[in-house]
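S.K.: For reference, the structure I am asking about is given below.
The values are calculated or read from the model by the stated rules, or taken from the named source; none is laboratory data. Please read these numbers as outputs of a predicted model, since none were measured by experiment. Positions of Cβ are backbone-derived with ideal geometry, glycine not excepted, and every protein chain shown enters the neighbour counts.
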Amino acid sequence: MLGSVGDLVEDVVVRLHERVNEASDTRATVIRRRGGSAANVVAAACRAGGRARFIGRVGDDPTGHVLTDALVAQGAEVVVQRAGRTGTIVVLVDVVGERTMLSDRGACTDLAHPQPEWLDGLHTLHIPYYSLVGEPLATTASTLAGWAVDRGIRVSIDASSSAVLEQVGAERALAHIASLRPSVVLANELEAATLGADLHPDHLGGALVIVKHGGDPAVVLQPGQAPVSVPARDVHDVHDTTGAGDAFAAGLLLALADGADAITATERAHDVAASAVRHASAGQPD
């Protein structure tokens, strides 16, 4: 089973139909949906036929119950603490498709008191870098990573956000990632550029490193081997790329757990991501 620890929030997506009319009305479409990188990975894994567990904290409120119920309906296990207020991310999509996110993580960062049984039955623990920022969640995620490695459970870390990495500092972020002894590290091209040349197996304890480039080939870096580019799938009917990177992670990690080599697993990751972007949202059920 694939486990992921971190955020489960409500996304409020505001798609503008015109430029903002300051101090007046602006036509828009507003959609509410489940969000959060960790939750998206779990949902994508279930859609791809895998078993997955979400580990996190939501508010003890109607929104939190709706979000966890939706994950369960997709076939996921949920290990959640309930207290406080469920987080909300406002995703503002302007008329040219540029996205701006206004983040209120709410209860997500309050996940505390980790329990070893949260890891029972897992083959992989996936940790978005978002889960390594904000306390006590960051300490909880780091503790779970340590327990996972000691129990022979693969640890995967996604760099998540170039803005967050810049705030933390590339050197500090990479040192923290390396300290968790991951087997897999994922980044997109912006995150890779932020982290620099040290985003490499030689500096991450021999971890498999994969740099995603959206619709362009992903670059696979393995210890002692030359980089390999793995082409993405050609998708003509893209509806929404939200959560595509999380779907990629789910496909990759499920394939690795099934015994696939890094290149084959990356091809499978592209398949899962391609399927996701054809949906109304990559984070939503079929």
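S.K.: Considering segment 194-215 alone, what residues qualify as being of a type in the set (A, V, I, L, M, F, W, C), part of a helix (DSSP H, G or I) and modelled with pLDDT of 95 or more? Lay out the reasoning, then the answer.
M.R.: The initial filter retains those residues of segment 194-215 that are of a type in the set (A, V, I, L, M, F, W, C), namely 195, 197, 199, 204, 207-211.
Now narrow it down to the ones that are part of a helix (DSSP H, G or I): 195, 197.
Correct list: L195 only.
S.K.: Give the residues of segment 107-131 that are surrounded by fewer than 17 Cβ atoms within 10 Å (Cβ to Cβ) and polar (S, T, N, Q), sorted by residue number. Give the derivation first.
M.R.: Here is the first cut: in segment 107-131, the ones surrounded by fewer than 17 Cβ atoms within 10 Å (Cβ to Cβ) are 112-113, 115-117, 120-121.
Of everything in segment 107-131, just one residue is surrounded by fewer than 17 Cβ atoms within 10 Å (Cβ to Cβ) and polar (S, T, N, Q), namely Q115.
S.K.: Consider only pairs whose beta carbons are under 7 Å apart and that are at least six residues apart or on different chains; among these, list those whose first residue lies in segment 142-158 and is farther than 11 Å from I127 by Cβ and whose second residue is among the aliphatic types (A, V, I, L, M) and in a loop (DSSP other than H, G, I, E, B).
M.R.: Short answer, once both residue conditions are applied: I153/L122.
S.K.: Follow-up question, since we're still on this one. Restricted to segment 216-251, and to residues that are of a type in the set (G, A, S), surrounded by fewer than 17 Cβ atoms within 10 Å (Cβ to Cβ) and not in a strand (DSSP E or B), which residue is modelled with the highest pLDDT? Before you say what the answer is, go through the steps one by one.
M.R.: We begin by selecting, within segment 216-251, every residue of a type in the set (G, A, S); these are 218, 224, 226, 229, 232, 243-245, 247, 249-251.
Filter once more, keeping what is surrounded by fewer than 17 Cβ atoms within 10 Å (Cβ to Cβ): 224, 226, 229.
Still in the list and also not in a strand (DSSP E or B): 224, 226.
Numbers: G224: 92, A226: 95.
Here the answer is A226.
S.K.: Is it true that S160 is under 14 Å from the mean Cα position of the chain (by Cα), in a loop (DSSP other than H, G, I, E, B) and closer than 26 Å to G87 by Cα? Let's see the steps before the verdict.
M.R.: Values: under 14 Å from the mean Cα position of the chain (by Cα): yes; in a loop (DSSP other than H, G, I, E, B): yes; closer than 26 Å to G87 by Cα: yes.
Yes, satisfied.
S.K.: Next question. Could you list, in sequence order, all residues of segment 1-30 that are over 13 Å from the mean Cα position of the chain (by Cα), part of a strand (DSSP E or B) and touching a residue at least 60 places away in the same chain (Cβ under 8 Å)?
M.R.: Of all residues in segment 1-30, those over 13 Å from the mean Cα position of the chain (by Cα) come to 1, 10-30.
Now drop any that are not part of a strand (DSSP E or B), which leaves 10-16, 28-30.
Answer for segment 1-30, where residues must be over 13 Å from the mean Cα position of the chain (by Cα), part of a strand (DSSP E or B) and touching a residue at least 60 places away in the same chain (Cβ under 8 Å): E10, D11, V12, V13, V14, R15, L16.
S.K.: Also, quick follow-up: If a residue has to be touching a residue at least 12 places away in the same chain (Cβ under 8 Å) and farther than 12 Å from L137 by Cβ to count, how many in segment 103-118 make the cut? Break it down stepwise before answering.
M.R.: Filtering segment 103-118 for residues touching a residue at least 12 places away in the same chain (Cβ under 8 Å) gives 103-114, 116, 118.
Those still in the list that are farther than 12 Å from L137 by Cβ too: 103-104, 116, 118.
Matching residues across segment 103-118 total 4.
S.K.: Keeping to segment 179-193, report how many residues are more than 18 Å from the chain's Cα centre (by Cα) and either of a type in the set (A, V, I, L, M) or crowded, with 20+ Cβ neighbours inside 10 Å (or both).
M.R.: Filtering segment 179-193 for residues more than 18 Å from the chain's Cα centre (by Cα) gives 179, 181, 193.
From what is left, the residues that are either of a type in the set (A, V, I, L, M) or crowded, with 20+ Cβ neighbours inside 10 Å (or both) are 193.
Matching residues across segment 179-193 total 1.
S.K.: If the requirement is being more than 30 Å from L256 (Cα to Cα), surrounded by fewer than 18 Cβ atoms within 10 Å (Cβ to Cβ) and touching a Gly at 6+ places or on another chain (Cβ under 6 Å), which of these qualifies: D60, D104, D94?
M.R.: D104
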